[in-house]
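This report refers to the structure that appears directly beneath it.
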Amino acid sequence: MNIGFDTSQMLHGAVLTVELAAGGVGVSLVLGALGGLARSRGPRWLRWLIVGYVELVRGLPQILQLFILYFGLTQFGINLSPFTAGFIWMCFYGTGYAIEIFRAGISGVHPGQLEASTALGLSRFQSFRRVVLPQAVARMVPPLTTFVILELKNTTLLYIIGVPEIMYHANLLASNSQPLNIYLIAVGFYLVMNMTLGRLGAYVEHKMSWAKS
Amino acid sequence: MFAGILTLWGQYFGNFLGGLGISLEITVAGLAFALVAGAGFAALRLARFRVLRLIGTAYVEVVRATPMLLVLYIMYFGLGQVGIKLPAYWAAVIALGTFYAAQFTEIFRGGIQSVDRGQREAADALGLSRWQRLRKVVLPQAVMTILLPSTNALADIIKDSSLVITIGLSDLMARTYEATSATFEPMDMFLLAGVMYLVVYLLLSRVLGRLELNVQRRHG
C-alpha cells in the first residue's frame with residue numbers, strides 16, 4: 001500500500017527504541033535488585049542514601065534529569081553524546097523505579113515463610129531461593145510489566161536531545177506533510193510494542209501463579 | 001563559588017517563579033480536564049451495554065500505550081492536518097487532560113469495583129435508586145482507594161507539564177533552559193529548577209498525605 005511517505009525510517013527508529021528500552025531495563029533490574037536488597041537489609045546510612053535517590057528520581061521531571069546529564073554536566077567539562085546521556089538517564093531513572101519494586105516484592109513475603117522453611121531444615125540460601133524468591137517474583141510481575149512499558153515510553157524523551165528513535169523519525173516525516181497520519185502511525189508502533197509486553201506480562205503472571213501465597 | 005551560585009539564583013528566582021506559576025496553571029487545568037473525562041470514561045467502562053464498555057476499554061488501552069510527548073505532538077502539530085490549530089497553551093492542557101483521563105478512568109473504576117458487591121445489593125434491597133446507590137453507598141467507601149493513586153497522578157502531571165518546553169510555552173523548564181544559554185552555567189540553573197520542582201513535589205506528597213490520613217480517620 002502506498003500511503004505517500006516512507007515509514008521504513010520509523011521502523012529503524014523502532015529498533016533503536018527497543019534496544020534502548022531493553023538495555024535500560026536490563027541495567028536497571030540488576031542495579032534495582034542490589035538497591036532493593038540494600039534498601040531493606042543494608043546499613044542505615046545506605047538506606048537513607050537510597051531513599052534520597054529514589055525520591056530524586058520520582059520528584060524531578062524526567063526532562064530535567066535528562067537535561068542535567070546532557071547539558072548540565074558540560075559546566076564541569078563533561079560532554080556526553082546524546083546516545084550516552086540518554087542511555088545513562090534510562091538506567092538512572094529505571095533503577096530508581098526498580099529499587100521500589102524489589103523492595104516491595106521482598107518485604108511483601110511474610111517472615112513466617114522464612115521461619116517455616118528453616119524449621120523444615122532448609123538452609124538459609126535454600127529457603128531464600130526456593131521459598132522467598134518465587135513468592136517475591138510472582139508478586140513483582142505486574143509492577144515489572146508496568147515498569148518495562150514505562151521505560152519503553154521514556155525513550156521518546158531522548159528525541160529531544162537528538163537520539164534517532166521513533167519520535168525523531170516521526171517528526172522528520174511530519175514536518176513534510178500529513179503530521180496527524182504520521183503521528184498516528186507512531187501511536188500504532190507503541191501500541192503494538194506495549195500490548196505485546198502487556199500480554200507477555202499476563203502470561204508470565206499466569207505461569208507464576210503457583211507461587212502466589 | 002557558593003556566593004556565585006547564590007547571586008545567580010537570586011537573579012533568576014523571580015523569573016523561575018513566574019515559570020512555575022505557568023507550570024502549575026497548566027497542571028490544574030489539565031487535572032480538571034482529566035478528572036471530568038476520567039469520570040466519563042469510567043462510567044463507560046462500568047456501563048451495562050457491551051459497546052460502551054468496549055469504547056471505554058479501547059480508550060484506556062490506546063492512551064496508556066502512547067507516550068505523553070506523542071499525545072502532546074498530536075494535539076499541537078498533528079491536528080493542524082485536519083484544520084484544528086490549537087494555541088500551545090490549550091494543546092498542552094488538552095494533551096495532559098487526554099493522557100491522564102486514561103489514568104483516572106482506571107483509578108475511578110478500581111475504586112468503585114473495590115467496594116464489596118454486598119453493599120450494592122443491600123442498597124438495592126433498601127430500594128435506593130441507581131444514583132442514590134452510587135452517591136450514598138458506593139462512592140463514600142471508594143474514596144480512600146481513589147485518593148492515594150490520585151495524588152500520585154497529580155504529582156506526575158506536574159512533572160509531565162515540563163514537556164511543554166517542546167512546543168514553546170514559557171514554563172519553569174523552558175525558562176531554565178533559556179537561563180542556561182544566557183549564563184553558561186547550566187548546572188547551577190538546573191539545580192535551582194530542581195529545588196523548586198522538588199519543593200512542590202514534597203509539599204504535595206506531604207500535605208495530601210496528611211489530608212488522606214484525615215479522611216481515613218473519618219471514614220475508617
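Since every read-out is calculated from the coordinates, none of them should be taken as a lab result. Given the structure is predicted, the values throughout are model-derived calculations rather than measurements. Note: ideal-geometry Cβ built from the backbone for every residue, glycine included; neighbour counts use all protein chains shown.
What to note about this one:
- The longest stretch of chain B left intact once loop-based trypsin sites (Lys or Arg not before Pro) with at most 12 other Cβ atoms within 10 Å are removed from consideration, loops following DSSP, is B:86-220.
- Extension gain, B:Arg130 back to B:Ala39 (0.36 nm per residue minus Cα-Cα distance, nm): 31.1 nm
- Calculated P(r) of the protein assembly as shown - Cα pairs past 32 Å, %: 44 percent
- Structure remark: mean-square fluctuation, Gaussian network model of chain A, C-alpha springs under 10 Å; the largest value among A:Phe189, A:Phe76, A:Phe147 belongs to A:Phe76.
- Helix A:82-107 axis versus longest C-alpha principal axis of chain A: approximately 30°, rounded to the nearest ten.
- The long axis of helix A:8-41 is offset from the longest Cα principal axis of chain A by roughly 20 degrees.
- Shape metrics for the range B:142-220, restricted to C-alpha atoms - Rg then Dmax, Å: 16.7, 54
- Semi-axis lengths, Å, the range A:92-213, gyration tensor of Cα atoms, sqrt of 5 times eigenvalues: 43, 15, 8
- Kyte-Doolittle mean at least 0.0 and Cα axial length at least 24 Å: DSSP H helices in chain B: B:2-45, B:88-114, B:139-160, B:186-219
- Simple label model, 7 Å out from Cα along Cβ direction - A:Ala116 to B:Glu212, nm: 3.0 nm
- Value of [θ]222 nm, deg cm²/dmol, for the protein assembly as shown, DSSP H segments ≥ 4, -39500 (n - 2.57) each, nearest 500: -26000 deg cm²/dmol
- Global form of the range B:2-219, assessed from the alpha-carbon gyration tensor, a/c cut-off 1.5: oblate
- Cβ-Cβ FRET estimate between B:Leu203 and B:Val115, R0 fixed at 22 Å, reported to 0.05: 0.10
- Exposed-site-free run, longest, chain B (rule: chymotrypsin sites (Phe, Trp or Tyr not before Pro); DSSP loop; at most 15 other C-beta within 10 Å): B:50-183
- Pair A:Trp210, A:Tyr53: separation of 7 Å Cα→Cβ label points (nm): 3.5 nm
- For the peptide B:68-77, the mean number of other protein chain Cβ atoms found within 10 angstrom of a residue's Cβ is 6.
- Sequence-distant contacts, meaning Cα pairs under 8 Å at least 6 residues apart, place the relative contact order of the range B:2-219 at 28 percent.
- The value of relative contact order for the range A:8-211, using C-alpha pairs under 8 Å at least six residues apart, is 30 percent.
- Computed over the alpha-carbon pairs of the range B:9-134, the distance histogram in 5 Å steps reads 2, 10, 14, 16, 16, 13, 9, 7, 6, 4, 2, 1, 0, 0 percent, short to long.
- The smallest convex shape that holds all Cα atoms of the range B:77-158, its convex hull, gives 121 Å³ per residue.
- Cα-based Kirkwood hydrodynamic radius, the range A:44-144, one decimal, Å: 16.2 Å
- Taking a straight line from the alpha carbon of B:Lys136, these aspartates and glutamates sit under 19 Å away, with near neighbours fewer than eight places off in the same chain left out: B:Asp116, B:Glu121, B:Asp124.
- Partner shielding of A:182-191 amounts to 5, given as the average count of beta-carbon atoms from other chains within 10 Å of each residue beta-carbon.
- The orientation-averaged shadow of the Cα convex hull for chain A, equal to a quarter of the hull surface, comes to 14.9 nm².
- Inter-probe distance in nm under a simple model that places probes 7 Å from Cα toward Cβ, at A:Trp45 and B:Ile55: 6.1 nm
- Förster-model FRET efficiency, 60 Å R0, B:Leu46 and A:Thr84, C-beta, rounded to 0.05: 0.80
- Convex hull (Cα only) mean projected area of the range B:25-92, reported in nm² to one decimal: 5.2 nm²
- Gaussian network model of chain A, springs between alpha carbon atoms under 10 Å - residue of A:Ile68, A:Ile78, A:Ile106 with greatest fluctuation: A:Ile78
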